[in-house]
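Enquirer: The structure that follows is given in the form of structure tokens.
The values are calculated or read from the model by the stated rules, or taken from the named source; none is laboratory data. Small disclaimer: the values here were computed from a predicted structure and weren't measured. FYI the Cβ positions are ideal-geometry reconstructions off the backbone, even for glycines, and counts take in every protein chain you see. Accessible surface areas use protein heavy atoms only, side chains included; no ligands, DNA or RNA. Shrake-Rupley method; radii C 1.70, N 1.55, O 1.52, S 1.80 Å.
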Amino acid sequence: MIATWTPRVSLGGHIAVHPFNSTMPPNGELKKSAAAAVQIQNTVEPDINLDKESLQYETNSSESMIAKLQERPGPPFPSTQRAILTPEMGENLNLVLRKIAVREPDHGEAVIQILYTGICRSDASSSVGPGSGYSKQNHIAGHEGIGRVVKSHDPFIIGRTFGIRYLGKSCGSCTYCIRDLFTSCPSQLNVPKHITGTFQEYATVPTGCLVPLPDAFLRADVDLAFCTAALCSGSTALVSVRAAKASLGDVVIVVGVAGAIGHLTGAIAKQVFGARVIGIDLKSKIDVLQSQDHSDYSDILLGAPKTDMGDAWSDFHSTLMQSCDKLRRNHGLRRAAEAVIVASSSFSSFQRLDEYVCDGGRIICVGVPKGNNNMCLPLHSVVERNLHVSGNLMGGHREALEVMEYIATGQIKPRITKVALEDIPEQMQHLVDCKTAGKIVTPFAS
């Protein structure tokens, strides 16, 4: 949501504008608010130093200021731009670099010059099919953007920096929204489903779908490329750790720890909640991570078992239990982890999850493997051992800003790789083939 424009009236007839938190009124409402301020003035005890001439002067000054703001042009931008798009959707990725027009904004919209965009595994999923509600032709993916407003009918947001997320907007009043299930809102607007995505130099989007970034995140020493990781991956990681009820000293297993969501989940669990983390991923990825500093997001790294049966599984589970003992320093009862968070997009990662956790443990599903898959858990184990199973799609605007604060203060540090716009098609295929690690970010010219 963008700026809340809240007029306050002093006895001198001035209008004060509060910092934005929710929505800003249409331009036509500005003069109405100025006039309303004068009407309110007439209903309160008058200032002994206030006369009609000064009141009229201040009213005219307010209207003059508003008129100047409305006439103020934004930074210039071209009529065409570069974009990565899918000309015709099919079963496989078909992403190309094209030059397209920059769409002029309607009322209630703004043109955003994209400064950075993240690349998410779900962007690949939304670029094939198409899925329900997605455009079949000229689809532009991307839903983790940070940019600056260069044109809008609302003069107060020109030049401001905002984030663009998958969940652009929800109604805020339906039965799902009031229960914080914003992603179930029937009136939601999504990027890039209903709104064009961020794999382009300029995006024209509804102003109500913008996430205002606090000035504290816009300091010279904060690299906004890292903040893109908070918009989707980071917010998802945060709500997942909260769903796991992680607390100081708990052992939390993160499956898919090498990925964008996975490593942020480990970092938040460890650095923010004080948990001890066991990271699991494909052996090829774990071998790479072992040679790097991973202490901020994982205490122990384990290669995933090749199969969930026979000796391969028995050996893996034995190592997993030993790792839990090690992190607890052999104190207390011998038991599995307090929680497992599955951020992997591989279906094999969702097998025998009840054996990852101790009694009363929590199983949190975040990754969504391709296809119509069914997860199987022994019912007697779920009931008799009091296990908790839940799914988490993503966090809201609030969680995204919380994670940005963790990043800006240095509490967590996302692992990012910067790639050029023209390299996005290759990186998207790498995501599909499980060949990436950390967060992939594309910087644009600022």
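Enquirer: Please go through segment 86-125 and write out the trypsin sites (Lys or Arg not before Pro) that DSSP classes as loop and that have at most 15 other C-beta atoms within 10 Å.
Expert: Working: sites: Arg98, Lys99, Arg103, Arg121; in loops: Arg103.
For trypsin sites (Lys or Arg not before Pro) across segment 86-125 that sit outside H, G, I, E and B with at most 15 neighbouring Cβ atoms in 10 Å, the list reads Arg103.
Enquirer: Of all trypsin sites (Lys or Arg not before Pro) in segment 179-227, which ones are in loop regions per DSSP and have a Cβ with at most 10 other Cβ atoms within 10 Å?
Expert: On the way: sites: Arg179, Lys193, Arg219; in loops: Lys193, Arg219.
The qualifying sites are Arg219.
Enquirer: Just by accessible area at a 1.4 angstrom probe, what is the order of Phe77, Phe199, Phe347 from largest to smallest?
Expert: Result, largest first: Phe347, Phe77, Phe199.
Enquirer: Let me ask something additional. Apply the Debye scattering formula to segment 80-161, with a single equal point scatterer on each alpha-carbon and no solvent, then give log10 I(q)/I(0) at q = 0.16, 0.27 Å⁻¹.
Expert: Calculated log10 I(q)/I(0) at the listed q: -0.71, -1.25.
Enquirer: Rounded to two decimals, what ratio of Rg to Rh does segment 247-306 give with C-alpha atoms and a Kirkwood Rh?
Expert: Result: Rg/Rh = 0.95.
Enquirer: Can you compute log10 of I(q)/I(0) for segment 338-409 with the Debye formula, treating each Cα as one identical point scatterer, at q = 0.22 Å⁻¹?
Expert: -0.96
Enquirer: Need one number: convex hull volume per residue for segment 122-266, Cα atoms only, in Å³.
Expert: Numbers: hull volume 23.1 nm³, N = 145.
Enclosed volume per residue, from the Cα hull, is 160 Å³.
Enquirer: Could you give the distance between the Cα centres of segment 103-172 and segment 397-446, to the whole Å?
Expert: 16
Enquirer: What is the dipole size for segment 233-391, taken about its Cα centre, with +1 at each Lys and Arg Cβ and -1 at each Asp and Glu Cβ, in debye to the nearest 20?
Expert: Computed about the Cα centre, the dipole is about 240 debye.
Enquirer: Could I ask something else about it? Can you give the three extents of the C-alpha atoms in segment 359-446 along their principal axes, from longest to shortest, in whole Å?
Expert: Taking max minus min along each principal axis of the Cα atoms, segment 359-446 gives 57, 34, 20 Å.
Enquirer: Full extension from Asn374 to Phe77: what is 0.36 nm times the residue separation minus their Cα-Cα distance, to one decimal in nm?
Expert: Taking Asn374 through Phe77 to full extension adds about 102.1 nm, to one decimal.
Enquirer: Express the carbon and sulfur contribution to the solvent-accessible surface of segment 123-225 as a percent, rounded to the nearest whole number, probe 1.4 angstrom.
Expert: Here it works out to 49 percent.
Enquirer: Separate question: Quick one: Debye curve from the C-alpha atoms of segment 149-229, no solvent, what's log10 I(q)/I(0) at q = 0.16, 0.17, 0.18 Å⁻¹?
Expert: With one equal scatterer per Cα and no solvent, log10 I(q)/I(0) is -0.73, -0.81, -0.89.
Enquirer: Another question, if that's okay. Taking a threshold of 24 Å on the Cα-Cα distance, which of the pairs Lys193/Lys370; Lys245/Lys435; Lys306/Lys413; Lys136/Lys418; Lys99/Lys435; Lys99/Lys136 fall above it?
Expert: Result: Lys245/Lys435; Lys306/Lys413; Lys136/Lys418; Lys99/Lys435 exceed 24 Å.
Enquirer: Over all directions, average the projected area of the Cα convex hull of segment 233-391 and note it in nm².
Expert: The number I arrive at for segment 233-391 is 8.9 nm².
Enquirer: Sum up the charges of everything whose Cβ sits under 11 Å from the Cβ of Gln429, counting Lys and Arg as +1 and Asp and Glu as -1, but leave Gln429 out.
Expert: My count for the surroundings of Gln429 gives -2.
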